[in-house]
Amino acid sequence: MNTVFETVIGIEVHAQLRTNTKLFCGCPNQFGTGPNSNVCPVCLGLPGALPVLNKQAVIFAVTAGLGLHCQIRETSVFSRKNYFYPDLPKGYQISQYDLPICEHGHLDITVEGVSKRIGITRIHMEEDAGKLVHQGAEAISGSTGSLVDLNRACTPLIEIVSEPDIRSAQEARVYVENLRRILMFLGVCDGNMEEGSLRADANVSIRPVGTEKFGTRTEIKNVNSFRSLERAIESEVARQTALILSGSTVIQETRHYDDFTQTTKSLRSKADAHDYRYFPEPDLFPLHVSSAWIAEIKASMKLHPDAVLLKYKTEGLSEFEIQVLLDDPEMACFFDACCVDGVSPTAVAKWVVGDFQAILRDKKISFSDSPVAPAALTSLVQMIEKGTLSGKMAKEMLPAMMTGKDPESIVKESGATQISDGDALRPLIAAIIDQHPDVIEKVKSGKRNAADFLIGQVMKETKGRAKPDLVRTLILEDIQNR
Amino acid sequence: MSISQLQDQYRRGEITASAVLDQTYARIDSHDGEVKSFLFHTRALAYEIAGEVDARLAKGKTLPPLAGIPLGVKDNMHMSGEKTTCASKILENFQAPYDATVIARCKEALMLPIGKLNMDEFAMGSSTENSAFFPTRNPWDFSRVPGGSSGGSAASVAAGFVPLSLGSDTGGSIRQPAAFCGVTGLKPTYGRVSRYGLVAFASSLDQIGPLGRSVHDCAYLLDAISGHDARDATSANLPATQVVAHLAMSQKFLKIGIPRELIGPEIDDAVKACVESAIRWYEQQGHQIIWCDMASFSAAVATYYIIAPAEASANLSRYDGVRYGLRDKKADTLKTMIANTRGHGFGAEVKRRIILGTYVLSSGYYDAFYAKAQQVRSLITYEFQQAFQNVDVLLTPTAPTTAFAFGAHAQDPLAMYLADIATIPVNMAGLPALSLPCGFSDGLPVGMQIIGRAWDENTVMGLGHQFQLGTDYHTRVPAIGSVA
Ligand SMILES: [Zn+2]
């Protein structure tokens, strides 16, 4: 008997919100400083300290909910999730449980030309825990000791839970890619998977094709790239299939994905699952989000990727340029900042997607860290459009602009503007034509290409600063008049 | 001596803050060895502030009303740089890294913090016998408890060590010791006073309040510590109270409700007699007495012992030995380190309540206990709202008995829990309530409780003040030394 199995996947994404401060205290929401330097009595969980909800985090959670077509709950409730662990300073995590801020949303994906709608069950807000640094081992057990760093404690997260609507590793990947793009375009999350600002856990089960009942699922954790998400699911599906085909059963458990061996291994089974003893957080009253506030948030929201796509199409960008921009929200953000009034978006796109992206990639700098301000790139494009610079000259100026200089001052210092003044060029052109009577004959007999030689001579004399098409026109004019 | 008298003496230049401190510590040194109300003193800080007060006095500057007034503080509120032990081994050497909002406001008012006061461990108890360090004695009778959990706060005022102290009240922890020690104590409306820097017992019930020799004195302290605090999300967005100013106005005629349930057989006859005579006194002043039924009160104690332990079980999870406080250093695994730290650090009553709270929140039991208790809590609140449609205040005994003997309830924690039968419903509904002395039985003070509408401390304290203008129970003092 040959049973064919179908894969059923639900995904939980934890996204760190880009607020200035943490979820319940005034500490900066940033890392990279020394251990336990971004902390205060609240996020250290000191006795007597109390949480105060960050309004910006609520705005971001609602923004994400709106971007994923969710219903926003007028009243949502924070609860305490109780468990002991050294990275959890209060002995409980403040999270939302039975009444989350957003519910009933969806996200559309397209895989191999087929569109599909993935349901979003809920989005809830919660605080992150701190970080343990184990000494001499990968876990507490076996280590000589573990250090606790609470910089990350109390930073704001949203958890986005999908319906079990996903049917393949590829669909899972596209779902998370689209989700990440939406969160990044809406400005609520920086989307950095390697640094953990976006983490995806996959609930995976299989069932014989044609059956309704879900198989026993396992939860796969520690996936920190799109590629490892796909591989983790594929390896887990293969493991479950082999188990069932050999007459064995899948047990409900949490499994850890190892990117090196590309396999999952058991972390803990349902038997040692915690009873988290959720109950409403008495230090925070229920959160009310009025319809007026939702409308206000909606009005000030950044564009959803779907709307961005339409905008780029109307602006006349090529399919290729649109794809590149949508795949890199930071680049898109830079591009949008460049597109001020009076400059052509297509001209800007040519530079952002082309030479400018190349030089950044070469130096391994992301668009958000670009030393060239959008305004500087805009002036460069405007100088080309006005004829002050040739495309070639502009390209040669990019390395100098990477030091942070704007194109105007570079041009001023080097004097290297394009000569586009006919009167300035005419005497030089006349002198060069005088030296080459043979070319005059060729041109007059109809071989207009012969003029190219003369253009080359002019360019050589002007060190490339003459505007080539103007030179051509002037040369032909001069010869005609002889 | 009352706050007004002390203020007059400062104004006339008859005393200095440093001299007041000298006298205060001298009296404490000679008599607190017996009463044992203070866990430790905060002399350096007190003299530093006294110096500031005296310097300003010398320059003839006007001072805030409570400048130079000694203050005792229950040891569950942070005073930066001083210890906060909560009378627990687990925090025995914990040093507060910041000021609680109430302490910051008292410092701003230039009050003189004398020291930290004994209490039941983590405010769990009604006798101060649950202090991990030593029990406090009732200044009226050393063989009896001062009540709890703010036993040190009440005893220190009764013994004449300090004119004012801060307590916290989760189920009666200010009012019941105030009644047992013959002093006045107020539990303000939930949200009136910031809880920031108060070590939490049950967050939805805890409220800080003043204890003093009179309603008038307590009003000064409430006016100083109340008002919105952005660091406590449950603190109401209201300005500070102005009860002292209100007390100067003439008393209106009110409708006083008497819940039949709290004047029944559970209440000692002697206590009942004192409260009934106070009721008659109010009637003679022209107030209207209205009997009412508060049927949900009978379920209040049971409900409280689900909600308070549930919240406490989470609030006390942070004492795990990882970051501060006691730590079992011999344990070789994480689990044993946490278990041993908590096993050694917490006393029996605290453990009992953590276990109770953990149990009622467990999956499979939550709906039967915690969810049900929240419904009863809503019912109690609703019943108060209904009652306050017909009456302006409710008047009850504060506690069913006078101060009991040490060890009286050692074998029966449930009997001890019932001592809070009249005070617990008030915390459930978040209302303001005052306890003030209304008589004596066998030489022990009896307290009555006046409960008001939410945010109506003015009416509650106005009525208490009227009683104290017409009676002298609050001026009587126990016979330790000679109390001024
Ligand atoms: Zn903080």
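Note on the range A:308-329: residues that are open to solvent by 60 Å² or more (accessible area, probe 1.4 Å) and acidic (Asp, Glu) total 2.
Could you please let me know if B:Met461 is assigned to a helix (DSSP H, G or I) and either in contact with a Cys (Cβ under 6 Å, 6 or more places away or on another chain) or open to solvent by less than 50 Å² (accessible area, probe 1.4 Å) (or both)?
Working: assigned to a helix (DSSP H, G or I): yes; either in contact with a Cys (Cβ under 6 Å, 6 or more places away or on another chain) or open to solvent by less than 50 Å² (accessible area, probe 1.4 Å) (or both): yes.
It is true that B:Met461 is assigned to a helix (DSSP H, G or I) and either in contact with a Cys (Cβ under 6 Å, 6 or more places away or on another chain) or open to solvent by less than 50 Å² (accessible area, probe 1.4 Å) (or both).
Of the residues making up the range A:223-251, those that are of a type outside the set (Gly, Ala, Ser) and open to solvent by 70 Å² or more (accessible area, probe 1.4 Å) are A:Arg227, A:Arg231, A:Glu234, A:Leu245, A:Thr249, A:Ile251. Condition test on B:Ala300, is it in contact (Cβ under 8 Å) with a residue 60 or more places away in the chain and within 13 Å of chain A (Cβ to nearest Cβ)? So B:Ala300 fails the test.
Being among the aromatic types (Phe, Trp, Tyr) and either under 24 Å from B:Gly125 (Cα atoms) or at pLDDT 95 or above (or both): is that true of B:Tyr324 here?
Numbers: among the aromatic types (Phe, Trp, Tyr): yes; either under 24 Å from B:Gly125 (Cα atoms) or at pLDDT 95 or above (or both): no.
Taking the combined requirement at face value, the residue does not satisfy it.
Which ones in the range A:23-44 are touching a residue at least 40 places away in the same chain (Cβ under 8 Å) and more than 10 Å from the ligand (Cβ to nearest atom)? Steps first, please.
From the range A:23-44, those touching a residue at least 40 places away in the same chain (Cβ under 8 Å) are A:23-25, A:27, A:29, A:31, A:33, A:35-39, A:42-44; that's our starting set.
A:Phe31, A:Thr33, A:Pro35, A:Asn36, A:Ser37, listed by residue number.
Note on the range B:81-113: residues that are assigned to a helix (DSSP H, G or I), touching a helix residue (DSSP H, G or I) at 6+ places or on another chain (Cβ under 7 Å) and within 11 Å of chain A (Cβ to nearest Cβ) total 2.
Set side by side, the residues B:Gly72, B:Gly81, B:Gly147 differ, and just one is on the phi > 0 side of the Ramachandran plot, crowded, with 24+ Cβ neighbours inside 10 Å and at pLDDT 95 or above, which is B:Gly147. Checking every residue in the range A:60-77 against the condition of being over 27 Å from the mean Cα position of the chain (by Cα), assigned by TED's automatic domain parsing to the domain that holds A:Thr241, more than 18 Å from A:Leu150 (Cα to Cα) and open to solvent by less than 40 Å² (accessible area, probe 1.4 Å) gives at least one match. Of all the criteria given as (1) out of contact with any Lys or Arg (no Cβ under 6 Å at 6 or more places or on another chain); (2) open to solvent by 40 Å² or more (accessible area, probe 1.4 Å); (3) in a loop (DSSP other than H, G, I, E, B), the one not satisfied by A:Tyr276 is (1). Among the residues of the range A:196-211, none qualifies, meaning not one is over 24 Å from A:Thr7 (Cα atoms), part of a loop (DSSP other than H, G, I, E, B) and within 16 Å of the ligand (Cβ to nearest atom).
Select, from B:Ala399, B:Ala408, the only residue that is in a loop (DSSP other than H, G, I, E, B) and under 20 Å from the mean Cα position of the chain (by Cα).
Details: B:Ala408 fails: under 20 Å from the mean Cα position of the chain (by Cα).
Checking each option against the conditions leaves just B:Ala399.
For B:Tyr382, the criteria (1) aromatic (Phe, Trp, Tyr); (2) assigned to a strand (DSSP E or B); (3) surrounded by fewer than 16 Cβ atoms within 10 Å (Cβ to Cβ) hold in every case but one, which is (2). For the residues A:Ala49, A:Ala15, A:Ala57, the requirement of being away from chain B (no Cβ under 14 Å), open to solvent by less than 20 Å² (accessible area, probe 1.4 Å) and aliphatic (A, V, I, L, M) singles out A:Ala15. Of the residues that sit in the range A:78-94 and are under 13 Å from A:Met125 (Cα atoms) and more than 8 Å from chain B (Cβ to nearest Cβ), which one is most open to solvent (accessible area, probe 1.4 Å)? Result: A:Lys81. Out of the range B:223-265, which residues are touching a residue at least 24 places away in the same chain (Cβ under 8 Å), over 25 Å from B:Pro65 (Cβ atoms) and within 14 Å of chain A (Cβ to nearest Cβ)? Listed by number, the list holds a single entry, B:Thr234.
The values are calculated or read from the model by the stated rules, or taken from the named source; none is laboratory data. Keep in mind the model is a prediction, meaning the values are calculated, not measured. Don't worry about glycine lacking a Cβ; one is built from the backbone with ideal geometry, like all the others, and counts go over all protein chains shown. Areas reflect the complete protein model, heavy atoms only, side chains present, ligands, DNA and RNA absent. Shrake-Rupley method; radii C 1.70, N 1.55, O 1.52, S 1.80 Å.
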